[in-house]
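Heads up, the thing below is written out as C-alpha cells.
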Amino acid sequence: MSIVNKKISVPPIGNRILKSAAGVLICSIIYFLRGERGIPFYSMLAVLWCIQPYSEGTIKMALQRTVGTFIGAIFGLITIVLEIYAFPIYNTFWGYAVTSLMIIPVIYTTVLLDKKNASYFSCVVFLSITVIHMTDSNPFLFVLNRALDTFIGIAAGIAVNSARLPRRRVRDVLFTAELDDMLSPVNERLTPYSKVEINRMLSDGANFTIATMRTPAAIMEILSDVRMKLPVIVMNGAALYDMNENSYLRAYVISSETCAEVRRIVNEQGMNMFTNALCGDNLVIYYDELKNEAEKSIYQSLKKSPYRSYVNRLPSAEDRTIYIMIVDKADKIAALHLRLKYKVGGQLNMITYPSDDYKGYSYIKIYNKNASKRHMIEYICSEYGIGSAVSLRSSADGSINSIAHDLKKSYEPLIFRK
C-alpha cells in the first residue's frame, strides 16, 4: 500500500467561538450598565453554556440553566435560614453536614420534575450560596443577584445565538455537491463548521443533497451527523438512496445478460469482480476467489462494517446488479478495459482510474449506460417540485469548508446583495 502524505489541517475560528466571546463581552457591558452590581462571572458562565451550534440547543440549555438556578436558589435560601437564623451552625462540622444532606433534596427535586439534566446546575447554584457566600453581609441579596446574573447570561446567550444578518432564502433551487470535495484529506470527515452550517440550512428548508461514487455503506459514518432530508445520489448516479428510510428510491440496473457477459470476460482474464446487487432494499457484494493483494486488503478492511454484506457466490436471478468493481494491476486493468469496451461497451458506463491506496493497481467501475448524476438530479427536481439545480464546487484554494461557504452564499444571500 502506498504512503499518502497528509497535510496538517488547522481548523478556522468558528462562529460559536466568536459568539462566545461576544456573549461574554455583552455580560461585561450589562454589568457596568447596572452600576457594577451582581457578579458578572455567573452571567458569563450562563452565556457560555447557552451558546450552542443550533438554536434548538440554545433553548434546551437555557431551560436547563433556568430550572437549575431556581432549584438551587430555593434550597440555598432554606439552608441560609437554617444555618444562620434557626441554628447558628455555619462554618462548623454540623453546618457542612447540613449542606451535604441538602444536596439530596436538590437533586431529587430535579428527578421529580423530570429535569435530571439540570441537577448539576442546581448543585452549583446551591453550593455557591451555602459554601462561598453564606457570610456575605446580605446573603439574601446575593441569592437574588445570583439568579438575576444567570438570567442575564441566558438572555444574552439566546440573543447572540439568534442574531442573524438579514438574508433571503432561495428555496426553488436544488444545491448539489460532490462528497469528496467536502471531506478533509486528513481523515475523510466533514469539518464541524461544515456540519453545523449545512444542518442549520437544512433545518431552515434548503434543498441540498450530495453526489458520490461511493456506496451508501461508505457514506453512512461520514454523513451520520448531517440531517439529510433529500435522497443522496450514490454509486456515480446508478442509484438514489434515502438515508432516513434506508431504502433505494431509484436505480439503474445492469441486465443479467450483460452481467453474465462481463463475468465471462473477467474470468477469462483470470480476474475477480465485486458485484454490488440489490437484494430487496439491501446492497449485497458478491465476489468469487480473491486473487490479488488489493482485493484481499479491501475485503479484510470492509467486511466488518455493519453496513456491508459480502457473500462468496454468484448473485441470484432475483438480484438487481447496480455496479461492478474490479481492481488489479494497472496493465491488466488496461487490457481488460479495452476488451470490455469492445465487447459490451455500448451497453455500459465504465470508469477506470489508478488506485491512490495500492501502488501499481487500478480500478474499473461498471454501471448501466444510463446511470449518471445528472439524470438523478433531474429526477429529484421532478419528484420534489424543485425548479432548477446548481452544482457547488470546491474553491481553487482547496478549502474544505468552501462548499458550506458557497451553499450559504447561494441559499441565503444577504438582502442588500444581488
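The values are calculated or read from the model by the stated rules, or taken from the named source; none is laboratory data. The structure presented is a predicted model; accordingly, all values stated were derived computationally and were not measured. Because the Cβ atoms are built from the backbone with ideal geometry, glycine has one as well, and the counts that use them run over all protein chains shown.
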Of the criteria (1) farther than 22 Å from Leu340 by Cβ; (2) not in a loop (DSSP other than H, G, I, E, B), which one Glu257 fails: (1)
Verdict on Tyr248 being part of a strand (DSSP E or B) and either touching a strand residue (DSSP E or B) at 6+ places or on another chain (Cβ under 9 Å) or not assigned by TED's automatic domain parsing to the domain that holds Leu190 (or both): yes
Matching option when the condition is more than 30 Å from Tyr358 (Cα to Cα), at pLDDT below 85 and assigned to a helix (DSSP H, G or I), among Tyr31, Tyr90, Tyr85: Tyr85
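Conditions tested, residue by residue: (1) under 25 Å from Ile351 (Cβ atoms); (2) among the hydrophobic types (A, V, I, L, M, F, W, C); (3) not assigned by TED's automatic domain parsing to the domain that holds Val284.
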{"position": "Ala211", "(1), (2), (3)": "yes, yes, yes"}
{"position": "Ile219", "(1), (2), (3)": "yes, yes, yes"}
{"position": "Asp225", "(1), (2), (3)": "no, no, yes"}
{"position": "Pro231", "(1), (2), (3)": "yes, no, yes"}
{"position": "Val234", "(1), (2), (3)": "yes, yes, yes"}
{"position": "Ala238", "(1), (2), (3)": "yes, yes, yes"}
Residue satisfying condition, being of a type in the set (S, T, N, Q) and outside the structural domain of Val196 (by TED's automatic domain parsing), within set Ser391, Ser382, Ser355, Ser402: Ser355
Whichever residue in segment 318-359 is more than 17 Å from Ala294 (Cβ to Cβ) and of a type in the set (Ser, Thr, Tyr) and, among such residues, is surrounded by the fewest Cβ atoms within 10 Å (Cβ to Cβ): Tyr342
Residues of segment 210-242 classified as free of Cβ contacts under 8 Å to residues at least 60 places away in the same chain, buried (at least 22 other Cβ atoms within 10 Å of the Cβ) and either basic (Lys, Arg) or assigned to a loop (DSSP other than H, G, I, E, B) (or both), total: 1
Where Lys365 falls short, out of the listed (1) crowded, with 18+ Cβ neighbours inside 10 Å; (2) within 30 Å of Asn272 (Cα to Cα); (3) modelled with pLDDT under 90; (4) of a type outside the set (Gly, Ala, Ser): (3)
Residues being of a type in the set (A, V, I, L, M) and at pLDDT below 90 - total across segment 303-343: 1
Single unsatisfied condition, Phe142 versus (1) more than 30 Å from Arg374 (Cβ to Cβ); (2) aromatic (Phe, Trp, Tyr); (3) modelled with pLDDT of 85 or more: (3)
Test: residue in segment 124-133 that is outside the structural domain of Tyr299 (by TED's automatic domain parsing), at pLDDT below 90 and farther than 26 Å from Glu36 by Cβ: no
Some residue of segment 250-261 being closer than 28 Å to Gly346 by Cα and without any contact (Cβ under 8 Å) to a residue 24 or more places away in the chain: yes
Selection within segment 270-308 - out of contact with any Lys or Arg (no Cβ under 8 Å at 6 or more places or on another chain), small (Gly, Ala, Ser) and assigned to a loop (DSSP other than H, G, I, E, B): Gly280, Ser305
Test result for Tyr90, closer than 30 Å to Ser20 by Cα and touching a helix residue (DSSP H, G or I) at 6+ places or on another chain (Cβ under 8 Å): no
